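Notes follow the structure.
The values are calculated or read from the model by the stated rules, or taken from the named source; none is laboratory data. Keep in mind that this is a model prediction, so the values were computed, not measured. FYI the Cβ positions are ideal-geometry reconstructions off the backbone, even for glycines, and counts take in every protein chain you see. What goes into the accessible areas is simple: the full protein's heavy atoms, side chains included, and nothing from ligands, DNA or RNA. Shrake-Rupley method; radii C 1.70, N 1.55, O 1.52, S 1.80 Å.
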Amino acid sequence: MKKKLISMLLTGVMTASLLAGCGGATAPTAPAAPAAPAAEAVEEKVEEKAEEVVEDVEEAAEEVKEEVADAGSDGLIAVGFAQVGHESDWRTASTKSCQDVFSKENGYDLSFVDCDNDEAAQKEAVRSFIEQGVDYIIIDPIIATGWDTVLTECDDAGIPVIVIDRTIDDSDKYVSWVGSDFLTEGKAAGEWLKAYVDAQGIKEVNALIIQGTIGSSAQIGRTDGFQEIADREGWTVLDKQTGDFTEAGGQEVMESYCKSYAGKFNVVICENDNEAFGAMTAMDNAGVKYGPGNDVILISYDACTAGLKEVQAGKITADFECNPLAAPTVEGVIKTLESGGTPEAQILVPDNWYALKDAIVDFSVDGNAQKMIEVTDEVIEAQY
Ligand code: AHR
């Protein structure tokens with residue numbers, strides 16, 4: 001910039017000198033005396049010209065500054081994230097994780113849409129990302145089907161899609177999926193229950209299930225996984241109804257279960273922590289005793305901080321984690337794509353199973369021995 005300024009000044013000075021030179025050529029026979037005023041005039045012209053040049057340089061510098069600033073914002077990677085909604089503690093942790101990872105400071109321009117559990121709104125959010133021309137689209141699909149048309153539109157627009165958490169069953173037009181194995185979570189709950197009832201000498205299992213959002217892969221995996229063990233063990237599943245992964249939904253379903261199945265059930269499985277909180281309120285109101293050593297075994301999924309506190313309080317007997325912190329792994333996928341690589345098609349986020357010491361029993365899932373974690377203050381502190 002300094003060199004440019006000097007060269008512009010020199011150009012100005014030379015131009016001014018030439019002008020002065022031309023002026024001198026028109027009066028070749030002039031006497032020596034008027035030479036001083038002519039020199040002054042030339043000096044003035046040089047000064048004028050120099051000022052003009054400085055102004056030009058300052059203007060040019062301003063333009064360059066603006067260009068640099070624009071290049072900075074264009075340098076961010078534009079990411080659109082169509083989030084399921086805000087139905088649970090798990091969801092809040094997932095949203096925060098994504099917003100932390102895909103921040104301006106980390107080099108991203110994140111467009112975040114909370115789809116409020118509305119499938120049509122989620123597709124519209126994806127289409128709005130295509131219109132914006134984002135670099136990447138992240139989708140946490142509310143339900144597993146109905147995706148091929150909009151994913152084809154993403155494909156046609158050349159925008160890579162990364163699926164997070166829940167899966168898509170009817171399209172393969174995405175680069176990677178990053179999330180938990182819901183079927184294994186359901187089987188783990190079933191296998192733990194088998195080992196626990198055996199250890200407690202409980203002969204009969206009469207279970208009630210409060211399911212998540214019907215058609216979501218989290219619901220399908222957990223329901224199917226538990227049912228597989230229930231069928232193998234000949235347990236009775238008295239009923240299955242959805243609580244839509246919300247506390248209000250869990251309470252409503254449990255209120256109706258307490259009326260319809262009073263005194264007939266000894267296991268309640270809630271497909272997330274928030275449903276379990278609602279079910280606890282309904283059982284408290286109906287005078288049903290639950291938790292380790294009580295009439296009803298309460299099983300939950302997610303193991304968020306609030307869920308683990310209820311394990312510690314002796315309300316939830318076992319809690320099967322679904323880790324919501326997948327965003328750093330999704331960023332890894334984007335970095336791989338940015339560097340021209342091919343990311344893995346499926347990346348599993350590991351989960352843990354939690355209980356109080358007395359409810360920790362040995363069990364396997366598909367022949368693989370599982371390790372349970374005892375809930376302590378430190379464990380709760382480290383959770384989300
Ligand atoms: O898809 C993950 C599930 O959705 C979590 O278990 C639940 O809490 C959430 O709402």
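Any chance you could count how many residues in the range 292-312 are open to solvent by 20 Å² or more (accessible area, probe 1.4 Å), within 30 Å of the chain's Cα centre (by Cα) and small (Gly, Ala, Ser)?
1
Hey, does the range 60-76 have a residue that's at pLDDT 95 or above, away from the ligand (no atom under 16 Å from the Cβ) and open to solvent by 60 Å² or more (accessible area, probe 1.4 Å)?
No, the range 60-76 has no match at all.
Which of the residues belonging to the range 206-228 are away from the ligand (no atom under 16 Å from the Cβ), within 25 Å of Phe277 (Cα to Cα) and open to solvent by 10 Å² or more (accessible area, probe 1.4 Å)?
Listed by number, the residues that qualify are Asn206, Gln227.
Restricting to the range 131-181, name every residue that is hydrophobic (A, V, I, L, M, F, W, C), within 14 Å of the ligand (Cβ to nearest atom), open to solvent by 10 Å² or more (accessible area, probe 1.4 Å) and in contact with a helix residue (DSSP H, G or I) (Cβ under 7 Å, 6 or more places away or on another chain).
Of everything in the range 131-181, just one residue is hydrophobic (A, V, I, L, M, F, W, C), within 14 Å of the ligand (Cβ to nearest atom), open to solvent by 10 Å² or more (accessible area, probe 1.4 Å) and in contact with a helix residue (DSSP H, G or I) (Cβ under 7 Å, 6 or more places away or on another chain), namely Ile143.
Assuming Ala121 fulfils every condition listed in (1) more than 15 Å from the chain's Cα centre (by Cα); (2) in contact (Cβ under 8 Å) with a residue 12 or more places away in the chain apart from one, which condition is it?
(2)
Anything in the range 321-350 that is open to solvent by 50 Å² or more (accessible area, probe 1.4 Å), part of a loop (DSSP other than H, G, I, E, B) and not acidic (Asp, Glu)? List them, or say none.
Leu325, Ser339, Gly340, Thr342, Ala345, Pro350
So how many residues does the range 351-375 have that are touching a residue at least 60 places away in the same chain (Cβ under 8 Å) and open to solvent by 40 Å² or more (accessible area, probe 1.4 Å)?
Number of matching residues: 6.
Considering Asp244, Asp181, Asp172, which residue is over 19 Å from Pro292 (Cβ atoms) and without any contact (Cβ under 8 Å) to a residue 24 or more places away in the chain?
Of the residues listed, the single one that is over 19 Å from Pro292 (Cβ atoms) and without any contact (Cβ under 8 Å) to a residue 24 or more places away in the chain is Asp172.
Out of Val330, Val365, I need the residue that is more than 15 Å from Gly179 (Cα to Cα) and out of contact with any Pro (no Cβ under 9 Å at 6 or more places or on another chain). Which one?
When all the criteria are applied, what remains is Val365.
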